[in-house]
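None of the figures in this text is laboratory data; all of them are computed from the coordinates on show. Computed from a predicted structure; not experimentally measured. Glycine gets a Cβ as well: all are built from the backbone with ideal geometry, and neighbour counts include every protein chain shown.
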Amino acid sequence: MRKYADLLFQFVSMLTLVVALAALATLVYDILADGAGRLSWTFLTTFPSRNADQAGVYHALMGSIWVIGLTAALALPVGVAAAIYLEEYGTRSRVARFIELNIANLAAVPSIIYGLLGLGLFVRLMGMGQSVMAGASTLALLALPVVILSTREALRTVPSTIREGSYALGATKWQTIWHQVLPMALPGVLTGLILALSRAIGETAPLITIGALTYIPFAPDSIWSKFTVLPIQVFNWVSRPQVEFHTNAAAAILVLLALLLSMNAVAIIVRDRYQRQGRA
Amino acid sequence: MSTRALEWIIERLLFLCAALSVLTTAGIILVLAVETFEFLREVSVVEFLTGTEWTPLFANQRFGVLPLVAGTMLVSAIAMLVALPMGLLAAIYLSEYCPSGVRRVVKPVLEILAGVPTVVYGYFALTFVTPVLQQFLPTLSGFNALSPGLVMGLMILPLVSSLSEDAMRAVPRGLREGSYALGATRMQTALRVVVPGAFSGITAAFILAVSRAVGETMIVAIAAGQQPRLTANPFVPVETMTAYIVQVSLGDTPQGTIEYRTIFAVGMLLFLMTFGLNLISTWLREKFREEYA
């Protein structure tokens, strides 16, 4: 009897996993079925339009690339510097402990709250307007906790013997970090950055809140341009009642997912090379 | 410049970058507080927190936030009914039953589930789940709380399962072996030894999941509707706090008006709710770490 209960329980708990994975498969299938037929080179290279069958995602795709590029440029140096401080300098100090707790909490603040911060601080107070710069600054703050946490993990994998060897040769703390520790941790740092960015590229709510436009007929040409991004374009199309626009939304989702997958592929390749180097 | 001075400067610079996270928190609180304060000069706290009508965008303005809170609670509750039991069972399977080969395949796939942009889930809820549900529930309206709730549960499930699994794996092997030695089955061991042993870790995961659901925006903005309504009926359109912020942001509400300030007041409430939940979750996880330290 007990044995059957055990088997039944095992079956039910396995079933939950199967259900979750089947739901994922349904989601992917549904979007492919809706949007794959709409994908074409023209769809990628034309601007939005009132006519669903003539609309494209060029402006949104370019907007996403601009915003994510700038987000990376802002979040990488600051995030890595913060992680170095917490991991190599501030360990065990009370201030560092407080900062750590704060980062853990920030990582769980809803993204739309970052949008309100961006609206109040970057768009209004600092006068950036609804620019690529304001959007990227907001997303950089959102990505920072993830970059810091993954960089710290990468720094922790560098053996302490490397640091001690460098000190023994007379190097200072910063020289040791810059010339020995960081290069060794770099692949881990980059993997973490790409994962943080792949989350940021799908963010919609904070950018809507700072007022990124939903209809914009041009691609950004500087960091002060107004912009829109792929997820906002998806939201715009899916919010319309006409089914033809839903088809466009599904196709734009496919473009977004393709972008996401290629970023993750890069992260996996980097991690893979790193692991092989570690073993060699 | 001497090496020593340079080292000192670099350390200060690094510290500034680390301190930026504290400034971010301070910035969030300040931005929200300033506008909320201005808002509360025109609307009393009592009216805001206990009013049952929310119509800031209509001619007859009412500022009772309860309908938005109710919408948020309703969708989150539905999401938790999916994510908590399924996430916990999935975690038990992965930690106690699953062969390591299967685990290596399943875990990354679950991570994909967590990495799908929320706007994609919104599309899925509106254009697939709602029509399918309408086949069985003819009274279900096109926008409702049920469909985004279910989809949100699916989105949060990996968070619950992965954090719960981590907690269960931290329970020492010896406890399991003791249980097996007494003749317990794997189910008895899982439910009476491992889950109680990982209780605070699992609770921390559950609370974090609630916080995620409360702050989730795009799924509800797309599939739940834009009608603030004080109801527990999952079949009719509702509006959550997050969806309201999106709705106002999409319009062109001029800065400095009371309509503009409402999104900061609602945001403040949302921030306080999620921040409180996150603090409890962090505290529980610390406690759990101490138990097996």
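Tabulated results
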| quantity | calculated |
| --- | --- |
| Estimated vicinal HN-Hα couplings, Hz - region B:268-284 in sequence order (Karplus 6.51, -1.76, 1.60; Gly, Pro = x) | 4, 4, 4, 4, 4, 4, 5, 5, x, 4, 4, 4, 4, 4, 4, 4, 5 |
| Helix-only CD estimate at 222 nm, as mean residue ellipticity for the protein assembly as shown, using -39500 (n - 2.57) per DSSP H run (n ≥ 4) | -23500 deg cm²/dmol |
| Cα Rg, Dmax (largest Cα-Cα span) when computed across region A:42-279, Å | 20.4, 70 |
| Dipole in debye (nearest 20) - region B:89-201, about Cα centre, beta carbon charges: Lys, Arg +1; Asp, Glu -1 | 280 debye |
| Top of A:Pro183, A:Pro206, A:Pro231 by mean-square fluctuation, Gaussian network on chain A, Cα under 10 Å | A:Pro183 |
| 10 Å-binned pair-distance histogram of region A:72-213 (Cα, whole percent) | 12, 36, 30, 16, 6, 0 |
| Positive-end residue, region B:66-291 charge dipole about Cα centroid, Cβ charges, pick of B:Pro117, B:Ser141, B:Gly174 | B:Gly174 |
| Cα gyration tensor shape of the protein assembly as shown, rounded if a/c is under 1.5, else prolate or oblate by comparing a/b with b/c | rounded |
| Positive-end residue of A:Asn105, A:Tyr167, A:Val78, charge dipole of region A:42-279 with Cβ unit charges | A:Tyr167 |
| Two-site label geometry, A:Leu169 and B:Thr231: point separation in nm, points 7 Å out along Cα→Cβ | 7.2 nm |
| Shielding score for B:86-97, defined as the mean number of other chain Cβ atoms within 10 Å | 5 |
| Ranked list, fewest to most other Cβ atoms within 10 Å of each Cβ, for A:Tyr85, B:Tyr244 | A:Tyr85, B:Tyr244 |
| Order by protection proxy (mean Cβ within 10 Å, highest first), peptides A:35-43, B:159-167, A:64-72 | B:159-167, A:64-72, A:35-43 |
| Fraction in percent of alpha-carbon pairs per bin - 10 Å, region A:59-101 | 26, 32, 21, 16, 4 |
| Computed magnitude of the charge dipole of chain B (debye, nearest 20; Cβ of K, R +1, Cβ of D, E -1) | 900 debye |
| Net dipole in debye of the protein assembly as shown [+1 Lys, Arg Cβ; -1 Asp, Glu Cβ; about Cα centre; nearest 20] | 1380 debye |
| Residue order, fewest to most surrounding Cβ atoms within 10 angstrom, among B:Met155, B:Met80 | B:Met80, B:Met155 |
| Distant-in-sequence amide H partners of A:Ser131 (H built 1.01 Å from N, under 5 Å) | none |
| Helix A:182-200 axis, angle to chain A major axis (alpha carbon atoms, nearest 10°) | 30 degrees |
| Peptide A:19-31, shielding by other chains (average Cβ, 10 Å cutoff) | 6 |
| Cα-based shape type of chain B, given that a ≥ b ≥ c are square roots of the gyration tensor eigenvalues and the cut on a/c is 1.5 | oblate |
